[in-house]
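Colleague: Below: one structure in structure tokens.
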Amino acid sequence: MVVVADYHMHTKLSGDSKNDLESIVLKAISIGLKEIAITDHGPAHSGFGVKKSEYVKLRSKIDQLNEKYPQINILLGLEANLLGTDGEIDIDSEMWEIIDWVNAGYHFGSNLSKDFDLHLINLLSKFSKKYYKLAKANNTKSMVNAMRKNKINMLTHPGAKGPIDVDEVAKVAAEVGTLLEINNSHGHLTVEEIKIAMRYPVKFAVCSDAHNIENVGNVSGALDRAYIAGVDGSMIYNVEPKGEIK
């Protein structure tokens, strides 16, 4: 069984990465990946968000690279930000027209002008049981509503940036067909979170969240957690053949 795709990685358009787009493609080809999604940060991220105009340019570059490298399928994606608790994400109608793959996750620093209180509650949740409970309810509501309101391919690092009710998130993800990421870089889903999610017929994806070339396709830690949790390969979207994890 091998990993054949990676659906979470960033180019230098995201301020927290130095990856050149074509270099990412060449790295992915060199390690045998058949498909990748380029998923820079959505525009509402105050620190690393990519402007909509840049996504339009990226669409054209990816189309050109798909012509140049037919041995791999390159998807234009983005890592959208969850905004508030009503299910909004930072993709407008024009962006939906050009995007192939949508990740979504909670990030500190997104939509600061409107969501400052939510970020503050998540920060305080590290020190207070009262705020932990409130943050968990907010984050869960945000993820659940976003999945129900939008076609989200994958939730990124659920639980890494703020607490969530994994049971509720997994239940809805199974209902709507959203993948749950086992993120190689952030440690979430954890082994215990994976076990909770497995109560439902969810699909997982093991992804790198690569911010440098060396980590493109590197999901060894994510696979280890999946193995320890007892996940069968048939539950992991981006591996072939589907079978027991070894």
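The values are calculated or read from the model by the stated rules, or taken from the named source; none is laboratory data. Predicted, not measured: the structure shown is a model, and the values here were computed from it. No Cβ is skipped: glycine too gets one built from the backbone with ideal geometry, and neighbour counts run over all protein chains shown.
Colleague: Which condition number does residue 196 fail, the rest of (1) surrounded by fewer than 24 Cβ atoms within 10 Å (Cβ to Cβ); (2) in a loop (DSSP other than H, G, I, E, B) being met?
Modeller: Every condition holds for residue 196 apart from (2).
Colleague: Now, a different point. With respect to the numbered conditions (1) closer than 26 Å to residue 6 by Cβ; (2) more than 15 Å from the chain's Cα centre (by Cα); (3) modelled with pLDDT under 95, which one is the sole condition not fulfilled by residue 112?
Modeller: The single condition residue 112 does not satisfy is (1).
Colleague: With respect to residue 60, is the statement that it is assigned to a helix (DSSP H, G or I), out of contact with any helix residue (DSSP H, G or I) (no Cβ under 7 Å at 6 or more places or on another chain) and of a type in the set (Ser, Thr, Tyr) true? Quick ask: steps written out before the conclusion?
Modeller: On the way: assigned to a helix (DSSP H, G or I): yes; out of contact with any helix residue (DSSP H, G or I) (no Cβ under 7 Å at 6 or more places or on another chain): yes; of a type in the set (Ser, Thr, Tyr): yes.
The answer is yes for residue 60.
Colleague: Filter the range 196-246 for residues that are acidic (Asp, Glu), over 17 Å from the mean Cα position of the chain (by Cα) and at pLDDT 95 or above and give the result. Walk me through it before giving the result.
Modeller: Of all residues in the range 196-246, those acidic (Asp, Glu) come to 209, 214, 224, 232, 240, 244.
Going one step further and asking which of them are over 17 Å from the mean Cα position of the chain (by Cα), we end up with 214, 224, 232, 240, 244.
Once the filter is applied, which keeps residues that are acidic (Asp, Glu), over 17 Å from the mean Cα position of the chain (by Cα) and at pLDDT 95 or above, the range 196-246 yields only 224.
Colleague: Continuing with this model, one more query. Does residue 151 qualify as being exposed (fewer than 15 other Cβ atoms within 10 Å of the Cβ), farther than 18 Å from residue 189 by Cα, modelled with pLDDT under 95 and of a type in the set (D, E, K, R)? Outline the logic, then answer.
Modeller: On the way: exposed (fewer than 15 other Cβ atoms within 10 Å of the Cβ): yes; farther than 18 Å from residue 189 by Cα: yes; modelled with pLDDT under 95: no; of a type in the set (D, E, K, R): yes.
So residue 151 does not fit the description; no.
Colleague: So which residues in the range 215-241 are surrounded by fewer than 16 Cβ atoms within 10 Å (Cβ to Cβ) and touching a residue at least 40 places away in the same chain (Cβ under 8 Å), if there are any at all?
Modeller: Within the range 215-241, 240, 241 qualify.
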